[in-house]
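The values are calculated or read from the model by the stated rules, or taken from the named source; none is laboratory data. Computed from a predicted model, the values in this text were never measured in an experiment. With ideal geometry, Cβ positions are generated from the backbone for all residues, glycine too; neighbour counts draw on all protein chains shown. Calculation scope for accessible area: heavy atoms of the full protein, side chains included, ligands and nucleic acids excluded. Shrake-Rupley method; radii C 1.70, N 1.55, O 1.52, S 1.80 Å.
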Amino acid sequence: MAKAEFMGEKLKLYNTLTRTTDVFEPLSKGEVKIYCCGPTVYNYQHIGNLRTYIFEDILVRTLRFAGYSVRHVMNITDVGHLVSDADEGEDKMALAAKRERKSSAEIAAYYTEIFFNHCALLNIQRPEIVCKAADHIQEMIELIKRLEAKGIAYESGGNVYLDITKVDDYGKLARLPLDQLQAGARIEVDSKKRNTLDFALWFTKSKFENQELQWDSPWGRGYPGWHIECSAMSMKYLGESFDIHCGGIDHIPVHHTNEIAQSEGATGKPFSRFWLHGGFLLDNNDKMSKSKGGFLTLDKLLERKIDPIAYRLFCFTSKYSQELSFSWESLEASINTLKKIKSTILSIKAVSGSSLQGSDSDRGNLVHSDPNNPQSQVRQAQSNQYSQLFNAALFDDLNMPRAIAVLHQLLSDSSLASADKLCLLYKFDQVLGLGIETWEEGTVEIPAAVLTLLEGRQAARKAKDFKLADELRDKILAQGFVIEDSATGPKLKRQS
């Protein structure tokens with residue numbers, strides 16, 4: 001199998017930097033280096049944040065599906081991220097420490113653990129390298145020193161700033177005039193800066209005298225700005241130029257713009273070749289945000305007994321780069337869709353008589369062509385057709401709505417053998433991440449509405465209202481469940 005090519009399909013990704021959908025080819029043959037902006041661990045990540053990490057998971061899975069070796073790096077911001085995305089307000093970690101009466105280190109450890117627990121529930125694969133900002137202060141200092149030596153950074157009032165006028169094409173990622181970038185940064189005038197859009201690389205006590213997290217530096221004891229950490233850590237683990245940089249769309253005008261400026265200013269080389277950004281999750285027609293309070297976390301879904309994979313599936317109803325509107329009604333539709341998919345696949349497993357155990361490399365390769373058997377040739381052609389459709393969806397800028405449509409088409413195709421279907425399903429799930437191989441009959445939840453009908457039937461039988469009991473039994477049957485009465489009481493079973 002050729003890298004990034006399946007049956008003529010080449011991987012195409014929308015590149016924010018070029019504003020075009022470009023054919024992807026890595027810098028190093030067969031290997032992709034990708035950096036994703038991780039969480040600032042001062043609070044829970046809301047489900048809008050998690051939508052971005054689901055998209056990045058699909059990207060990494062697709063790259064591996066295409067045969068690439070992937071070096072995936074994610075940072076953990078545990079210092080330096082102020083309330084404003086620019087240089088105003090307090091450090092978010094310091095605010096959380098005050099709020100919860102804990103140390104910044106305790107806050108970071110607590111919310112980092114919860115973040116990765118939530119990722120695991122969503123089947124988001126953990127990056128190979130997870131790097132904490134507080135563990136890479138020396139790398140940041142060395143990068144700032146390089147910028148100073150080139151005359152791009154300057155010291156003023158105890159802090160160190162980057163002079164945007166010394167950087168070619170500042171703001172090229174956002175493609176906004178400087179006055180709009182300034183508005184996007186939501187900054188106040190800082191008398192220490194030469195230019196309003198200059199941004200801090202290092203803060204000393206002149207910013208916050210009693211800041212908990214501080215380190216010695218050539219400019220005085222202090223701590224780094226938010227933007228410098230991603231440049232320092234990505235270049236440490238991926239090199240001065242790498243393939244893909246990801247994050248939320250809100251990172252474009254400030255954080256990612258400043259990353260490019262300081263990275264390319266220091267090295268004189270292109271920083272990341274592709275920039276991919278996840279769209280907002282909208283709640284009541286507005287961006288979901290922690291600053292507004294009342295944000296939804298995965299725990300809120302778990303409290304409602306909602307399978308986290310249903311939320312993962314919900315995220316597939318829109319392309320990753322587009323806005324997606326959240327409502328409980330729309331999530332309920334994905335919950336029901338997941339139940340139907342599970343029910344159908346469990347039936348396929350039962351008919352095939354095998355869960356097709358084997359390595360990932362075997363998935364989708366269990367239908368073998370026999371040149372002397374016309375039926376085998378037909379089966380192989382059918383499987384190839386579905387593979388082509390699925391690959392075409394993935395390789396079209398991770399078009400998950402199309403990929404899920406192919407999944408539904410496969411499940412409803414009565415002409416395809418169950419073993420062939422299951423083979424394709426395992427193959428597709430390398431990217432979908434629904435956990436299909438782990439699904440067993442006992443894992444299918446019985447809907448609350450069906451349980452209510454069953455309770456009503458029991459009450460009707462106790463009251464000897466057998467006509468009503470039969471009507472309720474038929475309603476339960478219509479929901480796909482059969483009642484088996486026994487000495488220990490009724491049991492519900494999926495209709496085969």
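Structural remarks
- Applying the criterion of being assigned to a loop (DSSP other than H, G, I, E, B) and within 34 Å of the chain's Cα centre (by Cα) to the residues of region 437-477, the residue that is surrounded by the most Cβ atoms within 10 Å (Cβ to Cβ) is Trp439.
- Of all residues in region 188-247 being modelled with pLDDT of 95 or more, aliphatic (A, V, I, L, M) and in a strand (DSSP E or B), the one that is farthest from His136 (Cα to Cα): Ile244
- Single residue of Phe274, Phe295 found to be modelled with pLDDT under 95, open to solvent by less than 50 Å² (accessible area, probe 1.4 Å) and either assigned to a loop (DSSP other than H, G, I, E, B) or over 27 Å from Met93 (Cβ atoms) (or both): Phe295
- The residues in region 66-77 that are open to solvent by 10 Å² or more (accessible area, probe 1.4 Å) and touching a residue at least 60 places away in the same chain (Cβ under 8 Å) can be counted, and the count is 3.
- Among the residues listed as Gly151, Gly158, the single one being under 19 Å from Pro218 (Cβ atoms), small (Gly, Ala, Ser) and surrounded by fewer than 15 Cβ atoms within 10 Å (Cβ to Cβ): Gly151
- Boolean, Ile404 is within 29 Å of Gln495 (Cβ to Cβ) and open to solvent by 30 Å² or more (accessible area, probe 1.4 Å): no
- Close contacts from region 170-196, counting a first residue that is within 26 Å of Asn15 (Cα to Cα) and a second that is open to solvent by 30 Å² or more (accessible area, probe 1.4 Å) and at pLDDT below 65, with Cβ to Cβ under 6 Å and a gap of 6+ residues or different chains, come to none at all.
- Subset of region 67-90 (residues that are among the aliphatic types (A, V, I, L, M) and either in contact with a Leu (Cβ under 6 Å, 6 or more places away or on another chain) or part of a strand (DSSP E or B) (or both)): Val70, Val73, Met74, Ile76, Val79, Leu82
- Scanning region 20-65 for residues that are open to solvent by 30 Å² or more (accessible area, probe 1.4 Å), over 28 Å from Leu424 (Cα atoms) and assigned to a helix (DSSP H, G or I) yields a single hit, Asn49.
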